[in-house]
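The values are calculated or read from the model by the stated rules, or taken from the named source; none is laboratory data. These numbers were taken from a predicted model, which means no experiment stands behind them. As a convention, Cβ positions derive from the backbone with ideal geometry for all residues, glycine included, and neighbour counts pool all protein chains shown. The protein model used for the area step is the full one, side chains on, heavy atoms only, and it has no ligands, DNA or RNA in it. Shrake-Rupley method; radii C 1.70, N 1.55, O 1.52, S 1.80 Å.
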Amino acid sequence: MLQQVMTSPGKIEFREVPVPKAKKGQLVIKIMKIGICGSDIHVYHGKHPFTKYPVTQGHEVSGSVFEIGEGVTGFEVGQKVTIQPQIFCGKCYPCTHGKYNLCEELKVMGFQDVGTASHYFAVDASKVTHLPETMDYDEGAMIEPTAVACHAVCRAGDVKGLKIAVLGAGPIGNLVAQAAKAMGAESVMVTDISDVRLEKAKECGIDFVYNTKIHDFGEAMIECFGPDKADVIYDCAGNDITMGQAIKYARKGSTIILVAVYAGMANVDLAVLNDHELDLNTTMMYRNEDYLKAIELVDEGKIQLRPLMSKTFAFKDYLQAYQYIDANRETTMKVLIDVQA
């Protein structure tokens, strides 16, 4: 079979390697679709701080069960599945207290460990999650970022009946907004400086969209929600401008959740954060319950993934997929790789 290997930033090779065999407790998955995310792009540009080369990528993935190892139950050959790419120790404090997404020795497939970008992939059965047979492989490859969004929304607790503002309308911001609505938020506003991304948010049913190049964020919140503004603000852009907007205009005593990863050190007004007694919270990846919630909401049609799918490339065109993303940053949401094409 072929396996993708990024040998150095911007360089991809395909190596012929043996098809893996399922060891005890493992499944071999026939990989169907892989999504490219922002972190993958950082690896492509040599800007991911925790990834060394060579590396086989692929952590947003769908496939079907190809082989079942000894001792594995609950799976059948041909079933549609996705893979949870976290590798955790199971022994540290976070792991033993149900927060394995914060494992002290956390590794992620495609970054610090071998990813799924190959025709077949052997993996512990415990990391494999069933997909509904009615769900296609494209949607299945987007369950991982949807789980990120579900975990982020739940960091605010129960959002039912709340007014939500989301800064940043990229794939994660869009999915956070959709997940908040799907979980019962009264109304959701999304901001961005890209009209293309804001149109996608509209297409996905988000209540209010604002281009903050044109509209003041504080005024937009009052226009949408009234003088009490938003109950929760999610920063899915992750820069001093958006975090600055969130801190400056948040209702006193409300909550801000940082979803995006900051590229460097932040320079924000912590004095206002303190004076307004704002809760600044964060979110990191997901756990199994977030995967199950993501699958449920997509399967029920409460989260739409198809509007976010920009283009699909064949497996051997992996490099062209990155080049396309670089050339079309303002209009690209999610690019998929068809591994079997």
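Among the residues of the stretch 61-72, are any open to solvent by 10 Å² or more (accessible area, probe 1.4 Å) and touching a His at 6+ places or on another chain (Cβ under 6 Å)? Walk me through it before giving the result.
Looking only at the stretch 61-72, we keep the residues that are open to solvent by 10 Å² or more (accessible area, probe 1.4 Å), and these are 64, 66-68, 70-72.
Pick out the ones that are also touching a His at 6+ places or on another chain (Cβ under 6 Å) and you get none.
No, that holds for no residue.
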- prompt: If you go through the stretch 84-119 one residue at a time, how many are touching an Asp or Glu at 6+ places or on another chain (Cβ under 9 Å), open to solvent by less than 30 Å² (accessible area, probe 1.4 Å) and not in a loop (DSSP other than H, G, I, E, B)?
  reply: 3
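If we keep just the residues of the stretch 192-204 that are of a type in the set (D, E, K, R) and within 19 Å of ILE233 (Cβ to Cβ), which is nearest to the chain's Cα centre (by Cα)? Outline the logic, then answer.
Step one: list which residues in the stretch 192-204 are of a type in the set (D, E, K, R), which gives 192, 195, 197, 199-200, 202-203.
Keeping just the survivors that are within 19 Å of ILE233 (Cβ to Cβ) gives 192, 197.
Working: ASP192: 18, ARG197: 16 Å.
The selected residue is ARG197.
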field: Qualifying residues in the stretch 242-299 (those that are among the acidic types (Asp, Glu) and touching a residue at least 60 places away in the same chain (Cβ under 8 Å)) - the one farthest from THR96 (Cα to Cα)
entry: ASP299
task: Given the conditions (1) surrounded by fewer than 24 Cβ atoms within 10 Å (Cβ to Cβ); (2) not polar (S, T, N, Q); (3) not in a strand (DSSP E or B), report the number of the one that ALA122 does not fulfil.
output: (3)
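Filter the stretch 284-295 for residues that are crowded, with 18+ Cβ neighbours inside 10 Å and of a type outside the set (Gly, Ala, Ser) and give the result. Working first, answer last.
If we filter the stretch 284-295 for residues that are crowded, with 18+ Cβ neighbours inside 10 Å, which is where we start, we get 285-287, 290-291, 293-295.
Passing the criteria: MET285, TYR286, ARG287, ASP290, TYR291, LYS293, ILE295.
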message: Kindly evaluate GLU277 against the criterion of being assigned to a loop (DSSP other than H, G, I, E, B) and either at pLDDT 95 or above or surrounded by fewer than 18 Cβ atoms within 10 Å (Cβ to Cβ) (or both).
response: yes
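Each row is one residue, and each column tells you yes or no for (1) crowded, with 24+ Cβ neighbours inside 10 Å; (2) over 16 Å from TYR234 (Cα atoms); (3) not aromatic (Phe, Trp, Tyr).
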site	(1), (2), (3)
MET135	no, yes, yes
ILE143	yes, yes, yes
THR146	yes, no, yes
CYS150	yes, no, yes
CYS154	no, no, yes
LEU175	yes, no, yes
VAL190	yes, no, yes
- prompt: Which ones in the stretch 220-235 are open to solvent by 20 Å² or more (accessible area, probe 1.4 Å), in a loop (DSSP other than H, G, I, E, B) and touching a strand residue (DSSP E or B) at 6+ places or on another chain (Cβ under 6 Å)?
  reply: ASP231
- request: Would you tally the residues in the stretch 41-63 being out of contact with any helix residue (DSSP H, G or I) (no Cβ under 8 Å at 6 or more places or on another chain) and under 17 Å from LEU336 (Cα atoms)?
  value: 4
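Here is a yes/no grid of residues against (1) open to solvent by 30 Å² or more (accessible area, probe 1.4 Å); (2) closer than 18 Å to ALA165 by Cα:
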{"position": "LYS248", "(1), (2)": "yes, yes"}
{"position": "ILE257", "(1), (2)": "no, yes"}
{"position": "LEU297", "(1), (2)": "no, no"}
{"position": "THR312", "(1), (2)": "yes, no"}
{"position": "ASP317", "(1), (2)": "yes, no"}
{"position": "GLN323", "(1), (2)": "yes, no"}
field: Positions within the stretch 74-83 being within 12 Å of MET109 (Cβ to Cβ) and open to solvent by 20 Å² or more (accessible area, probe 1.4 Å), in sequence order
entry: none
query: Which condition does ALA182 not pass, out of (1) open to solvent by less than 10 Å² (accessible area, probe 1.4 Å); (2) touching a residue at least 60 places away in the same chain (Cβ under 8 Å), if it passes all the others?
result: (1)
message: Being more than 25 Å from GLN340 (Cα to Cα), assigned to a helix (DSSP H, G or I), of a type in the set (Lys, Arg) and out of contact with any Ser or Thr (no Cβ under 7 Å at 6 or more places or on another chain): is that true of LYS160 here?
response: no
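Which count do you get for residues in the stretch 287-341 that are part of a loop (DSSP other than H, G, I, E, B) and either touching a Leu at 6+ places or on another chain (Cβ under 7 Å) or on the phi < 0 side of the Ramachandran plot (or both)?
Start the filter on the stretch 287-341 by keeping residues that are part of a loop (DSSP other than H, G, I, E, B), which leaves 287, 300-305, 328-333, 339-341.
From the residues that got through so far, the ones that are either touching a Leu at 6+ places or on another chain (Cβ under 7 Å) or on the phi < 0 side of the Ramachandran plot (or both) too are 287, 300, 302-305, 328-333, 339-341.
Of the residues in the stretch 287-341, 15 are part of a loop (DSSP other than H, G, I, E, B) and either touching a Leu at 6+ places or on another chain (Cβ under 7 Å) or on the phi < 0 side of the Ramachandran plot (or both).
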